[in-house]
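Have a look at the structure below before the remarks.
None of the figures in this text is laboratory data; all of them are computed from the coordinates on show. Everything quoted here is computed from the prediction, not taken from an experiment. Note: ideal-geometry Cβ built from the backbone for every residue, glycine included; neighbour counts use all protein chains shown.
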Amino acid sequence: MATDTVPTDEPATGGNGRGRVILRRFRRHKLGVAGLAVLVLLALVAVVVPLVWPYGHGEITPDLSQPPSAAHPMGTDTLGRDLFAQTLRGLQQSLLIATTVTVVACLIGVTLGVIAGYFGRFVDAAVMRLVDLTLTLPTIAIAAFLGSVVPTGGVNWLALSLVLGVLMWTPVSRLVRGIVLSLRSLPFVDAARVMGAGNLQIMTRHLIPNVADHIIVAATLLFGTAILAESGLSFLGFGVQPPDTSLGLLVSNAQSAVLTRPWLFYFPGLLIVVIVLAVNYAGEGLRDAANPKAALANPLRTARRRRDADTPPDDTPRGVLDVRGLTVDFGDQRVVKGVDLHIDDGEVLALVGESGSGKSVTALSVVGLLPPDAVGGGSVRFDGRELTGLNFSQWREYRGRRIAVILQDPSTTLNPVLTIATQFKDSMRLAGPLPADHRDRIVALLDGVAIKDPARLLDSYPHQLSGGMRQRIAIALAMVHDPDLIIADEPTTALDVTVQAQVMSTLALARERTGAAMLFITHDLSLVAGIADQVAVMRAGEVVEHADVDTVFYRPRHEYTRSLLALAPSLALAPASRSAAADIEEDS
Amino acid sequence: MSEPLLRTVDLVKHYRPPRRARRGGHEVVHALCGVSVQVAPGRTLGIVGESGSGKTTLLRTLLGLERATAGTVEFAGRDVTAMRGDAGRMFRADVSVVFQDPYTSLDPRMTVSDLLSQPARIQRRRFPASRVSELLDQVRLPRVSAGKFPHEFSGGQRQRIAIARALALEPRLIVLDEPVSALDVSVQAEIVTLLRELQEQRDVSYLFVAHDLAVVADLSHEVGVMYGGQMVEHGATSRVLSEPAHPYTRALLAAVPVPDPRIERAKPPFLRPLWPTEDDRPEPCPHGNLL
């Protein structure tokens, strides 16, 4: 019983559980912990060591321009000041200023960004103009101006931080606004509103936690910029002034002495690098900890691999597609466990299974598009030729030309910035120069998927069309090279029932015209009753039943197939739909 | 029939497109054209229609996510159209919602126990810790789920979490917006069964919206069919299924795939929409432009 994860206080709050989860996740991020440790250590050193160090940061000793020695571990400058003492003072000032600038900039940026993104319209326009206005302010000129009016001796750190913070909040607010704009239309925000949550509650409980990881990244970048900006301003006379000092000021003062007294430059410079790196790693750790979905593993580390195929006996009947002993592993988890599939010329095989059954991964292996962390095994033969182990250019001969793929979501498979005609032309160019009559060919292809008045569509963009229309165009695109095999992966899942019926009819029509074979992948057994010749039912990585369509529907052998049939949402009063179908037949 | 729990009277929602689009010749959008529905206590009203039929606008308007252009929403005999005052507050606690996509309707940064206590927190109600386990039991999720995040669950399990959250304050009405469309067929059946059992146990009313008549029919006592912002057919489920009066209802019925190869092969190709046809179009909005 998870009593420790159930909130124990009343009325309920969830803050404690969440904080603990973040802490636990952060502890697993080694670099992040190391970065944070370095930062804490530096802050402690900056506070404690000056109290015991024998030299003050402005104290002039008789040792002029000494290289590092036991008495002066970082050497001394031309006036004989101990560089270690100066660096400690610089560390104090830089950490204090950079932290304050980051906090001020993030406070302004996040508040205005969330408000602009959440309310939109006039509020958004006003905030964005304020951003534009702030961006037009020339930082250097303002600093120079302020530097000329402040009393000698510089300004205190707080005033400096406020000025920098007020000049540097704009990237944060733009970032936050952009993310909030996309978040506010998500159903979980609507759900909170239906529960009666007010605007403030939605912004603080839902929006800010969801942009937190982006804010952390922005803040780490800001921190580094703030250290450098402070040194620039101090150099111009606004900000930290000698004899007081900061890391940035130490580095810029040492620039002329890099060759003669390099220690003056290297020690503070190195410290800036260490601080910025530590902040970045700590920020990365916090970001990953705040985002429960972030993967801790580097996705690029694993390369695409495959297991050597056990050479299958060569007595296989040819057919368009013959899959033998296909396996796919993700790490040590085997998701496809030795699948055999066979499709004859012009035949339709329906591969039916629930999500997680391995059906989509099986289809992707047929076209060699496994995700990078998967390891494939077994044999895939297309028209008698082994496809496994082909390289990219060898694949190009098959993909899109002899094997066409239609994917689930037509709104993401068509390129949104190209017109329909351009997408057809790009596909046609794969086979060589564009034929002179290409426009007529495109019209003919669109006509083949029962699109009315296709010429009118050629110059439209995908977003101007409905989902059903887009999917029909995707089908027409798949037909450009007259493929031998069409792989359709849940092509109607995102569509309304009536549109689904139209797309299914279109697919059947297009397939009959070209005589292509088809591998149709779906979770809905009833959908394939009318189109399939063969049905393979997949469950947990294995094909549990593979037979012709009538056998599967009328005499299913496997219990799982029977349960799928029983669960299919068909109308309790099937005669009604039957008579409706009959009505339509009469009408047409 | 007893006093309806929820009633909309002639609900109208017209959208004015942004000024730029208006110059391009886009007229006012008639998303809802006088829709009146009633949900009786402990009963289910199913609303079917395709994208753009206005079914989602109907939900959003009666939940107060959109402001109605005209018409009223009554809950338990009180006008809640404006969602203000005591009536509005009561409505918020008595009505909850389950959205279509369980991947985006749960805040990804909240644990399950945060999510389940969220309605109580917002309504400032007492929410004993034991209630989380109770809710998880009701939707048949293991109690250890409480400390996990939504992404650690499958689609069907997430929808169970969303249902548990909808049950948290013991509402009298749950609005179900395509609750199973994003799920596998086998999982759909499990969720529908769960919803039916919960209704029998708790006597809660459902307003169930979907594009698939077969899914709605399973759970609904009454069905309304929407097209173009209007209710084109309305009646008891068995009557609508056996004697569909409107051509659009007939088209919807014919489009549902049947798990029987002989019937499916005999169906004529469905290459053009069966309704509306050239000479049989839906009526324009009877309310004209209210903007």
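Is the shape of segment B:153-291 rounded, prolate or oblate, going by the alpha carbon gyration tensor and its root eigenvalues a ≥ b ≥ c, with a/c under 1.5 for rounded and a/b larger than b/c for prolate?
Details: a/c = 2.11, a/b = 1.37, b/c = 1.55.
Taking the square roots of the gyration eigenvalues as a ≥ b ≥ c, segment B:153-291 is oblate.
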Does anyone have the angle between helix B:85-94 and the longest principal axis of chain B? Alpha-carbon axes, 0 to 90°, nearest 10?
80
Please sort A:189-198, B:262-271 by packing, taking for each peptide the average over its residues of neighbouring beta carbons within 10 angstrom, highest first.
A:189-198, B:262-271
Quote to one decimal, in nm, the extra length available between A:Ser185 and A:Thr204 on full extension: 0.36 nm per residue of separation minus the C-alpha distance between them.
5.2 nm
Can you work out the Karplus-derived ³J(HN,Hα) for every residue in segment A:127-140? Use 6.51 cos²θ - 1.76 cosθ + 1.60 with θ = phi - 60°, whole Hz, and x for glycine or proline.
5, 5, 5, 5, 4, 4, 4, 4, 5, 7, 6, x, 3, 4
Which translational diffusion coefficient, to the nearest whole µm²/s, is obtained for segment A:154-220 from the Stokes-Einstein equation, given a Kirkwood hydrodynamic radius over C-alpha pairs, 25 °C and 0.890 mPa s?
178
For chain A, what size does the Cα cloud have along each of its three principal axes, sorted from largest down, in whole Å?
104, 67, 58
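If you rank A:Lys425, B:Lys13, A:Lys452 by fewest surrounding Cβ atoms within 10 Å, what's the result? Kindly include the intermediate steps, with their values, before the conclusion.
Values: A:Lys425 18, B:Lys13 23, A:Lys452 10.
By the 10 Å Cβ count, ascending, the order reads A:Lys452, A:Lys425, B:Lys13.
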If you fit an axis through the alpha-carbon atoms of helix A:574-587 and take the longest principal axis of the Cα set of chain A, what angle between them do you get, 0 to 90°, nearest 10?
70
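Provide the FRET efficiency to the nearest 0.05 for the A:Leu135-A:Val103 pair, computing r from the beta carbons and using R0 = 22 Å.
Working: r = 21 Å, r/R0 = 0.95.
Given R0 = 22 Å and the Cβ-Cβ separation, E is 0.60.
Which whole number gives the average count of other chain Cβ atoms within 10 Å of the Cβ atoms across peptide B:214-224? Kindly include the intermediate steps, with their values, before the conclusion.
Details: counts 8, 3, 1, 6, 4, 0, 0, 0, 0, 0, 0.
The shielding value for this peptide is 2.
For each of A:Glu386, B:Glu190, count neighbouring Cβ atoms within 10 Å of the residue's Cβ, then give the residues from fewest to most. Working shown, then result.
Details: A:Glu386 14, B:Glu190 17.
The order, fewest Cβ neighbours first, is A:Glu386, B:Glu190.
Report the gain in length on full extension from A:Leu434 to A:Ala43: 0.36 nm times residue separation, minus Cα-Cα distance, nm rounded to one decimal. Mind dumping the intermediate values first?
Working: separation 391, 0.36 × 391 = 140.76 nm, distance 6.67 nm.
Contour length minus Cα-Cα distance gives 134.1 nm.
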Once both labels are modelled 7 Å past Cα along the beta-carbon direction, what's the B:Ser51-A:Phe145 spacing in nm?
5.2
Averaged over peptide B:112-118, how many Cβ atoms belonging to another chain are found within 10 Å of each residue's Cβ?
6
Could you work out the mean count of beta carbons from other protein chains within 10 Å of each residue's beta carbon in B:97-104?
4
If the only charges are +1 at each Lys and Arg Cβ and -1 at each Asp and Glu Cβ, what is the size of the charge dipole of the protein assembly as shown around the Cα centre, to the nearest 20 debye?
2500
Within the protein assembly as shown, cysteines having no neighbouring cysteine beta carbon under 4.7 Å are A:Cys106
Mind giving me the FRET efficiency for A:Ala566 and B:Arg196? R0 is 22 Å, r the Cβ-Cβ distance, nearest 0.05 is fine.
0.85
Starting from the Kirkwood radius over alpha-carbon pairs of segment B:6-266, derive D by Stokes-Einstein at 25 °C in a medium of 0.890 mPa s and give it in µm² s⁻¹.
126
Dipole magnitude of chain B, debye to nearest 20 (Cβ charges: Lys/Arg +1, Asp/Glu -1, about Cα centre):
1140
Rounded if a/c is under 1.5, else prolate if a/b is larger than b/c, else oblate: which is segment B:26-154, with a ≥ b ≥ c the root eigenvalues of its Cα gyration tensor?
prolate
Sticking with the crude label model, points 7 Å out along Cα→Cβ, report the distance from A:Leu64 to A:Asn156 in nm, one decimal please.
3.7
Compute the long axis of helix A:15-28 from its Cα atoms, compare it with the longest principal axis of the Cα atoms of chain A, and write down the angle in degrees, 0 to 90, nearest 10.
90
Can you find, among A:Ser526, A:Gly376, A:Gly467, the residue sitting farthest towards the positive end of the charge dipole of segment A:318-587, where Lys and Arg contribute +1 and Asp and Glu -1 at Cβ?
A:Gly376
Fewest first, what order do A:Arg27, A:Arg121 take by the number of other Cβ atoms within 10 Å?
A:Arg121, A:Arg27
Between A:Leu277 and A:Ser256, what FRET efficiency follows from the Cβ-Cβ distance if R0 is 25 Å, with the result rounded to 0.05?
0.40
Across the protein assembly as shown, how many lysine pairs, 8 or more positions apart or on different chains, have C-alpha atoms separated by under 22 Å? Please give the number.
6
